[in-house]
Amino acid sequence: MLEVRGLTVSYGDHIAVAELDLTAHDGEVVCVLGPSGCGKSTLLRAIAGLEVPDAGTVVLDGQVLDGLRPDQRRIGLMFQDHALFPHRTVADNVGFGPRMQGLPRRHITGLVEDALELVDLAGTGHRTVTSLSGGEQQRVALARTIAARPRLLMLDEPLGSLDRALRDRLLADLPPLLRELGTTVLYVTHDQDEALALADRLAVMRDGRIQQVGPSDELWRSPASGFVARFLGLEHVFDAEVAGRVARTPLGDLPLPAEDGVTAVTSGPAQVVLLLDALRVTDPLLPIRAEEVELPAEVLARRFAGDHLRIRVRSKPGPELTVPVWRGDAPQIGDLVTVALDPAAVRVLPPDDAGHAAGADQ
Ligand code: ADP
């Protein structure tokens with residue numbers, strides 16, 4: 001199990017990682033998700049011993065790692081730019097870690113074969129790295145990291161340099177591979193799709209700090225901030241003012257949800273986030289539910305999304321909204337529709353810190 005406590009890393013005056021706490025349990029895949037420059041790589045490098053932190057401690061399986069050299073930590077770190085030895089064979093590359101650990105040759109051969117099998121490249125050990133495709137090279141890099149038998153596997157944007165089709169294929173291969181491996185994994189990405197496909201738990205990071213950690217469905221249901229909501233892909237985030245039991249928003253006055261704990265702000269400035277199922281286009285033949293808020297709207301655009309459409313509408317109060325509709329009864333561009341908003345799928349959150357209100361740092 002990995003425990004990071006109060007970790008702070010700075011470059012000159014710039015604090016890249018700020019008093020950060022993070023835990024990963026045995027065999028768990030934790031994805032650190034955040035925009036470019038928020039400190040993800042610095043976090044991994046500090047855990048690996050490649051950066052000296054200003055403060056904080058890293059504990060792995062009960063052992064305090066502070067002050068240990070990278071090679072004494074038994075942590076595997078794989079970068080996007082995998083830096084294989086191009087003219088050496090696949091087996092030479094994969095056996096690099098075990099050779100550095102001074103293991104007997106027979107043992108190394110076994111580790112290399114096992115690692116190549118795990119990444120579905122059994123039998124390629126004799127080939128040179130340059131004779132393999134980009135995706136295969138990425139898998140060799142993963143096998144090299146695995147063959148060193150790390151106690152913790154850290155992957156830093158490992159799919160970032162691959163084209164979309166290849167990335168999607170590797171993304172499908174990775175979860176069963178990581179499960180079979182059973183090692184604790186810290187996986188860093190700025191891509192929500194990757195994080196959602198892989199993570200047992202997500203940690204959303206911003207400006208050197210973890211903003212929220214939890215299973216992905218929990219983050220979808222209860223994002224802790226407008227930033228987390230936007231970063232997960234929830235696009236409807238509005239500034240609001242809470243007074244009485246009402247949130248004044250650009251969509252009009254929304255009643256606050258009745259349940260305790262759902263509303264983080266009871267008065268003053270706030271942000272409202274519409275969860276994924278907050279909006280629907282009403283059916284003219286069916287009455288709107290009593291609790292729903294009606295928003296007249298005009299259809300601006302339609303976009304296919306697999307088995308349904310997403311329509312872009314301008315609501316009468318002003319804001320544009322994206323609403324899912326089934327293909328069969330999708331309205332046309334220019335049609336007037338009624339969008340129903342379910343207040344139970346609205347979260348009222350504290351306003352974002354000054355300077356980040358527009359979420360422009362994504
Ligand atoms: P991420 O991995 O989330 O993109 P990084 O950890 O690479 O973020 O960087 C965090 C911040 O620290 C950025 O502002 C970056 O410019 C800065 N930074 C990273 N590495 C260095 C370095 N070696 N020297 C100075 N600043 C750095």
**Request:** In vacuum, with every alpha carbon of the chain counted as one equal point scatterer, what does the Debye formula give for log10 I(q)/I(0) at q = 0.12 Å⁻¹? Two decimals, please.
**Result:** -0.95
**Item:** Kirkwood Rh and Cα Rg combined as Rg/Rh, the range 137-244
**Value:** 1.05
**Fill in**
Out of Val242, Pro343, Thr145 - ranked by how far each Cα lies towards the positive end of the dipole of the chain, with unit charges on the beta-carbon of charged residues - the top one is Thr145
**Fill in**
Taking protein heavy atoms only, a 1.4 Å probe, and rounding to whole percent, the accessible area of the chain owed to carbon and sulfur comes out at 51 percent
**Request:** Determine ³J(HN,Hα), in whole Hz, for all residues of the range 68-81 in sequence, where each value follows from phi through the Karplus function 6.51 cos²θ - 1.76 cosθ + 1.60 and θ = phi - 60°; x replaces Gly and Pro.
**Result:** 6, 5, x, 6, 8, 9, 6, 10, x, 10, 10, 9, 4, 8
**Request:** Select from Leu198, Thr124, Val185 the residue farthest towards the positive end of the dipole of the range 2-221; place +1 on Cβ of Lys and Arg, -1 on Cβ of Asp and Glu, and compute about the Cα centre.
**Result:** Thr124
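With charges set only on the Cβ (+1 for Lys and Arg, -1 for Asp and Glu), what does the dipole of the range 206-246 come to about its Cα centre, in debye to the nearest 20? If you can, show how the numbers build up before the last one.
Working: 5 positive and 6 negative charges, 18 e Å.
That gives a dipole near 80 debye.
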**Item:** Spin-label pair Thr322/Arg209, simplified geometry with 7 Å Cα→Cβ offset, distance in nm
**Value:** 2.8 nm
**Complete:** Counting only DSSP beta bridges fully inside the chain, the antiparallel percentage to nearest 5 is 75 percent
**Message:** Is there a quick way to get the dipole size of the range 2-221? I mean about its Cα centre, with the Cβ of Lys and Arg at +1 and of Asp and Glu at -1; what is the value in debye to the nearest 20?
**Reply:** 680 debye
**Complete:** Computed ³J(HN,Hα) along the range 6-13: with the Karplus parameters 6.51/-1.76/1.60, θ = phi - 60°, integer Hz and x for glycine or proline, the list is x, 6, 10, 10, 10, 10, x, 7
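The values are calculated or read from the model by the stated rules, or taken from the named source; none is laboratory data. What you are looking at is a predicted structure, and each value in this text was computed from that prediction instead of being measured. Here Cβ is always computed from backbone atoms with ideal geometry, including for glycine, and neighbour counts include all displayed protein chains. Note: accessible area is taken over every heavy atom of the protein model, side chains too, but ligands, DNA and RNA are not part of it. Shrake-Rupley method; radii C 1.70, N 1.55, O 1.52, S 1.80 Å.
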